[in-house]
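Before any comments, here is the structure.
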Amino acid sequence: MIMTNSIADFFNYFGEYHDDLLIMVAQHLQIVLTVLAISIIIAVPLSLVLYQSQLLSSIVLAILGALYAIPSLAFFAILIPICGLGMPTAVTVLVVYVQFILVRNTLAGFKSVDASILEAGRGMGLSKLQLFVKVQLPLALPSLLGGLRLAVIATIGMTTIAASIGAGGLGTLLFDGLRMDYAVKIVWGTVLAFLLSWAANRILLIFERRSLKKSRGELKTAIRN
Amino acid sequence: MTNIALELVNITKKFAHAETNSVTGVSLTINEGDFVTILGTSGSGKTTLLKMVNRIYESTSGDIFFYGENIKKLKVEDYRRKIGYVIQQIGLFPHMTVEQNIATVPKILHWNKEKINARVDELLKLVGLGDEHYKKRYPKQLSGGQQQRIGLARAMAADPQLMLMDEPFGAIDAITRQNLQDELINIQKKLNKTILFVTHDINEAFKLGDKIIIMDKGEVQQFDTPYNILFHPANDFVKQLIETENIINRLKVLRVENFVQPLTQPTKLADGVIHNDKFLDDVLAKFFETGKKRLVVIDDQEEPIGEISWDQFIQLKKIQDNVVRLDVQKKNIRRVNDHD
Ligand SMILES: Nc1ncnc2c1ncn2[C@@H]1O[C@H](COP(=O)(O)OP(=O)(O)OP(=O)(O)O)[C@@H](O)[C@H]1O
Ligand SMILES: [Mg+2]
C-alpha cells in the first residue's frame, strides 16, 4: 500500500513540478557543459606542452592527481572564501578535478602516436599546426574522447554536490529532499542524474568507437565494390 | 651542364650527451640526377647523415647547400616540401586512405582537386598499384610491400627534386624487393630524380647506385662509382667490404654501358645484342646462350651504340684500363659541354 502510494507520489510530483525539473536538468547540463568546454580548452594545449617533457608531465600529473584526491565538499569549502557561493566556484572546482582525467588521457593519446608517423609528417614539410590538426589530433582522438566520457560522467555526478554551495542543478533536489526528509525529491534527483550520465555515456561511446576505427583505418565505408 | 643538387661541407653531428660523433667531417657533392646509395654497417651514421639533409637533425657543424643555397637560411617547411622522404618504418598515416596519404603535400601546397586527383592516379600507376580500388584503402588493408610503394608514391607527390630514402626495402622479401628495386631504377631513369638511398645491403647499394658513399664510424670511406670502388678501393675498410663479393657478384653490379667499345665491324641481323643498361653477368649469360664472341650493344631506341667482345671480357684488367680511359674521355666531353 505504502509502496503504490510512493510510486503514485513519484509520478504526481512530475505532473506538478515538471517545469522545475526541466529547469534543474537544464541548469545541470549548463554547468556540465561549461565545465567541459573550459576544461578541454585548458587540457589539450596543456597536454601538448607536457608531451614535450617527460619531467614536466610527471610533475604536473602528480599535482593534478593530488588535487583530484581532495574530497569535493572540502574543495568547495576551501574556495568559498575566495570565490564566494554559486556557480563560478562550482565550475572552478570541477574544472580542476576534470583536468586530471582529461590531461592524463589526452597525453596518453599523443604518446600513442608512432614516432615514425610524426617523422614522416615533419619530413614532408607539415608545419607544427598542420601536423597537429592532420595527424596528432585525429590519432589521439579516441583516447581524448575516452577521457572526455569519463570526465562527463564524473562531472555530472559531482555537479549534484555543487548544489550544496548554491550552484543549482539536480543536486538541489537531493539536498532539498534530505533537508525536508522528502524521498520523492531524492529519487527524482537520483533518477535524472542517472539518466543524464547514462545518455552521455551512450552518446560519447558512439563517437569514441567511431574515432577509434577511423584512427586505425578500419572504417567499413573505405572500400567500395 | 650538370647542376649540383646537394653539397655537404664538413658536416659533423654529435648528439647531446653522446660521447663520440655520429658523423664526422663529411664533405661531398651530389649532382642533379645522380642515384647515390649510402652503404655502411649498423651504427655507421647513415641515417644520421640522411636526416641532416632534410633537417630532421641539425648538424653540429658544417654547411649543406641545396642548389647553392644554405639550407639553414631556407624556411624549413618550404625546403622539406621540395624533398621526398621515405623512412624505413614507412610511416603512412593510418587514419587516411591511400589517396589521402599521397595527397597530403599537394593539399598543403593548395593544388586544385583535379590536379591532385590526376597526380594520385599517375603515381599509383607509376608504383604499380594503378587499380582503382587501391585508392580508397587504408594502409592497414595493404601488404608490407604495397605500403612501401605507397610510401614512395607519397614522397614523390609534389614532384620533389631530391629524394631521401632510408632503407625503404629493408623489411621486404627478396622477390618483392627485387621488383621494387627494378621499379625504382625505372622511375629514376624516367624522371631523372636525384636520389640519396641508405642501405646496408651491399648488393642493393651496387645495383642501384650510380655512385656509392661507403661509411664507417661516421666517416665517409669512399665516395665513388661502383666500378671504382670495386677496382680502386680507397682503403682497407673498403677492400675488406668488397672482398666478400665473388666474381659473379662483381659482374652483377657492373653496367654494360661502362664497357662499350666502338664497333669494329658493321652490324648484321645475325649479331647477338645486349641492352646497354644490362649488367656484365647478363653479358656472360648471353655469350654462353648465343655462342658468339661479340655482342652488339644497343640503347633505349634499339640503336647499336658499340660492342662488347669475349676477348675484352675475359681480360677484366684490360677492360678496367679501357674504361678508365673512356671515363676520362666522357669527362672531357662533359667539360666541353659545360662551357656552352
Ligand atoms: N637520436 C640519437 N641520439 C643519440 N645518439 C644517436 C641518435 N641517433 C643515432 N645515434 C647514434 O649515432 C650513431 C649512428 O647512428 P645511425 O642511426 O646514423 O646509424 P645507421 O648507420 O643508420 O645504422 P643502422 O644501419 O642500424 O640504421 C650510432 O652510434 C647511434 O647510437
Ligand atoms: Mg639507420
Number of the exception - A:ASN5 against (1) part of a helix (DSSP H, G or I); (2) at pLDDT 80 or above; (3) not aromatic (Phe, Trp, Tyr): (2)
Which of the residues that make up the range B:44-72 are away from chain A (no Cβ under 14 Å) and within 16 Å of ligand 2 (Cβ to nearest atom)? B:SER44, B:GLY45, B:LYS46, B:LEU49
Answer yes or no: is there a residue in the range B:147-159 that is within 12 Å of another protein chain (Cβ to nearest Cβ) and surrounded by fewer than 19 Cβ atoms within 10 Å (Cβ to Cβ). no
Tell me whether the range A:92-110 contains one or more residues that are in contact with a strand residue (DSSP E or B) (Cβ under 9 Å, 6 or more places away or on another chain) and buried (at least 23 other Cβ atoms within 10 Å of the Cβ). no
Scanning for something within 16 Å of ligand 1 (Cβ to nearest atom) and at pLDDT below 90, does the range B:122-133 turn up at least one residue? no
Out of (1) within 14 Å of chain A (Cβ to nearest Cβ); (2) more than 16 Å from ligand 1 (Cβ to nearest atom); (3) within 26 Å of B:PHE65 (Cβ to Cβ), what's the single condition that is false for B:ASP166? (2)
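For (1) at pLDDT 85 or above; (2) under 29 Å from the mean Cα position of the chain (by Cα); (3) surrounded by fewer than 18 Cβ atoms within 10 Å (Cβ to Cβ), each residue gets a yes or a no:
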position	(1), (2), (3)
B:PHE288	no, no, yes
B:GLY291	no, no, yes
B:ARG294	yes, no, no
B:VAL297	yes, yes, no
B:ASP300	no, yes, yes
B:GLU307	yes, yes, no
B:ASP311	no, no, yes
B:ILE314	no, yes, yes
B:LYS318	no, yes, yes
What's the number of the only condition in (1) facing chain B (nearest Cβ under 8 Å); (2) of a type in the set (Val, Ile, Thr); (3) not in a helix (DSSP H, G or I) that A:VAL113 fails to meet? (1)
Restricting to the range B:66-111, give me the number of residues that are in contact (Cβ under 8 Å) with a residue 60 or more places away in the chain and more than 14 Å from B:MET156 (Cα to Cα). 5
If you go through B:ILE87, B:ILE11, the only one that is outside the structural domain of B:GLY218 (by TED's automatic domain parsing) and either more than 16 Å from ligand 1 (Cβ to nearest atom) or buried (at least 21 other Cβ atoms within 10 Å of the Cβ) (or both) is B:ILE87
Considering only helices (runs of 4 or more DSSP H) wholly within the range A:123-225, the ones with at least 2 residues that are buried (at least 21 other Cβ atoms within 10 Å of the Cβ) are A:137-162, A:171-180, A:183-216
Condition test on B:LEU6, is it more than 11 Å from ligand 1 (Cβ to nearest atom), farther than 20 Å from A:ARG122 by Cα, crowded, with 22+ Cβ neighbours inside 10 Å and within 19 Å of the chain's Cα centre (by Cα)? yes
Which one is nearest to the other protein chains (Cβ to nearest Cβ) among residues in the range B:2-20 that are away from ligand 2 (no atom under 16 Å from the Cβ) and modelled with pLDDT of 95 or more? B:LEU6
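The values are calculated or read from the model by the stated rules, or taken from the named source; none is laboratory data. Because the structure is a prediction, the values reported are computed rather than measured. Glycine also receives a Cβ, built like all others from the backbone with ideal geometry; neighbour counts cover every protein chain displayed.
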